[in-house]
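Please read the structure below before turning to the comments.
The values are calculated or read from the model by the stated rules, or taken from the named source; none is laboratory data. None of the values given here were measured: they were computed from a predicted structure. Cβ: placed from backbone, ideal geometry, glycine included. Neighbour counts: every protein chain shown.
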């Protein structure tokens, strides 16, 4: 009888511990793969751009940070650098410059969590980043509206944010090569953005970058400009068709690989 009571008591004591372990498993995903899946927004989880990247320790590690333009060329970059580089990207749309540090911090805190059995323990070799397209847009009630809306980020605040973002990157990855991509052009009739603003924001960005000559510039604005009409996804749309995405991906891959080669020659 006492033996049965002891077994019952042991069982009752073990259940809460099992529950705690289960909750920990759910919260942390236990593995990096599980943590990444939880991190990625539900509407992005089925997209190949946001698939979990198995780290090959023999290859250099590259991070792409950017908006939907970068999301669309991510797979082309991976195809170009397959077998040569581990190509990661941010777990969601990069958005405006003010959200850069919070998003980067959240991703690294999640994926470097020591409770994960295979947490990110590698360093970044190259970080290719861009913010701007969401800074210069006008919104009203969370919808694109350049007539009634307010611009997300002023030029002066964009400059301040960029300076802060660069300082953050230098602390996060002091040995990484940094590549800043200029903001892509705005087409006529775009509902929430003004034609010519991309050039203005790029001018400010390049002024900031002059204080950091070690940061390489990937001038996607001028790379795209001559082919803009041929590469548009649709009129009045800032996005690009498969031809444009492929071309951008190849250009980004080329810039990344050239910086990796330069790093190896040091």
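Could you check region 218-239 and list, in sequence order, the residues that are without any contact (Cβ under 8 Å) to a residue 40 or more places away in the chain and in contact with a strand residue (DSSP E or B) (Cβ under 6 Å, 6 or more places away or on another chain)?
Selection gives 231, 233.
In region 74-124, what residues are crowded, with 18+ Cβ neighbours inside 10 Å, touching a strand residue (DSSP E or B) at 6+ places or on another chain (Cβ under 8 Å) and either closer than 30 Å to residue 159 by Cβ or modelled with pLDDT under 95 (or both)?
The answer is 74, 77, 87, 88, 89, 90, 94, 100, 104, 124.
Based on what the data block shows, is residue 242 free of Cβ contacts under 8 Å to residues at least 60 places away in the same chain, under 21 Å from the mean Cα position of the chain (by Cα), surrounded by fewer than 17 Cβ atoms within 10 Å (Cβ to Cβ) and farther than 28 Å from residue 149 by Cα?
yes
Applying the selection to region 205-216, what residues are under 23 Å from the mean Cα position of the chain (by Cα) and either surrounded by 18 or more Cβ atoms within 10 Å (Cβ to Cβ) or assigned to a loop (DSSP other than H, G, I, E, B) (or both)?
205, 208, 209, 212, 213, 214, 215, 216
Kindly check whether there is at least one residue in region 183-204 that is exposed (fewer than 15 other Cβ atoms within 10 Å of the Cβ) and either within 19 Å of the chain's Cα centre (by Cα) or more than 22 Å from residue 134 (Cα to Cα) (or both).
No: zero hits.
Filter region 125-145 for residues that are surrounded by fewer than 18 Cβ atoms within 10 Å (Cβ to Cβ) and in a loop (DSSP other than H, G, I, E, B) and give the result.
141, 142, 145
Scan region 54-80 residue by residue and report those that are within 20 Å of residue 175 (Cβ to Cβ) and either part of a helix (DSSP H, G or I) or free of Cβ contacts under 8 Å to residues at least 60 places away in the same chain (or both).
56, 58, 59
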